[in-house]
Amino acid sequence: NAGVTQTPKFRILKIGQSMTLQCTQDMNHNYMYWYRQDPGMGLKLIYYSVGAGITDKGEVPNGYNVSRSTTEDFPLRLELAAPSQTSVYFCASSYLHTGELFFGEGSRLTVL
Amino acid sequence: AQKVTQAQTEISVVEKEDVTLDCVYETRDTTYYLFWYKQPPSGELVFLIRRNSFDEQNEISGRYSWNFQKSTSSFNFTITASQVVDSAVYFCALSDVSGNTGKLIFGQGTTLQVKP
């Protein structure tokens, strides 16, 4: 089983560039999430989706956008990259709103 | 506001020692779920346990055990006879049940180093 797949695993961006982190899951989960992990800060929720066509902001949404056109895919768009967006990004999905989250392997992004 | 606090930033033990990772949470919800995740040096997040607020029984899984106490809003994790492979960052998390979104609120994480 592929589970939750994120691409790319590593990326270096220049300030002001844009990019999309891809996330796809093959478990038919309705709930999907994007978190970022900074050293010593735990995981912070960027955006989430409770189903296709529905997205909402999390705790730290500024500088990001998402879309959810299908159940499987939940891409995260970074517009005008800034050094503060240097982080490790995790995509996750869940079958139930009370269930555990299944995480992708993470994407390490560096903005220089 | 909901919050998870893992006061121990780093813990270092020698192999075979027992170690307890503390987790304290804040919530006004009467129904909620608590989780522990492990993040080994390879970076992935591994689910360890999910516990609902109505089940205060302690749980044991091999060398791992969890102590849930609603009276003190704590959900502590103990590793018995620690091994080098237990070296990782451990996260405690609380579900945000409002709106049925499934969002998790994570603590800052505790880095456990087990020395041989």
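The set of residues from segment B:43-53 being outside any strand (DSSP E or B) and of a type outside the set (Gly, Ala, Ser) comprises B:44, B:45. Going by what's in this entry, would residue A:71 be described as at pLDDT below 95, polar (S, T, N, Q) and over 12 Å from the mean Cα position of the chain (by Cα)? Answer is no for this residue.
Taken over segment B:1-54, the residue count meeting the criterion of being of a type in the set (Asp, Glu) and within 10 Å of residue B:94 (Cβ to Cβ) is 2.
If you go through segment B:16-45 and keep only what is surrounded by fewer than 13 Cβ atoms within 10 Å (Cβ to Cβ) and either more than 14 Å from residue B:97 (Cα to Cα) or of a type outside the set (Val, Ile, Thr) (or both), you end up with B:16, B:18, B:26, B:28, B:41, B:42. Among the residues making up segment A:59-112, those that are surrounded by fewer than 21 Cβ atoms within 10 Å (Cβ to Cβ), assigned to a strand (DSSP E or B), of a type outside the set (A, V, I, L, M, F, W, C) and more than 10 Å from chain B (Cβ to nearest Cβ) are A:64, A:65, A:73, A:77, A:110. Every test in (1) more than 27 Å from residue B:41 (Cα to Cα); (2) acidic (Asp, Glu); (3) at pLDDT below 95 is passed by residue A:100 save one, and that test is (1).
The values are calculated or read from the model by the stated rules, or taken from the named source; none is laboratory data. On a predicted model such as this, the values are computed, not experimentally measured, just so you know. Glycine gets a Cβ as well: all are built from the backbone with ideal geometry, and neighbour counts include every protein chain shown.
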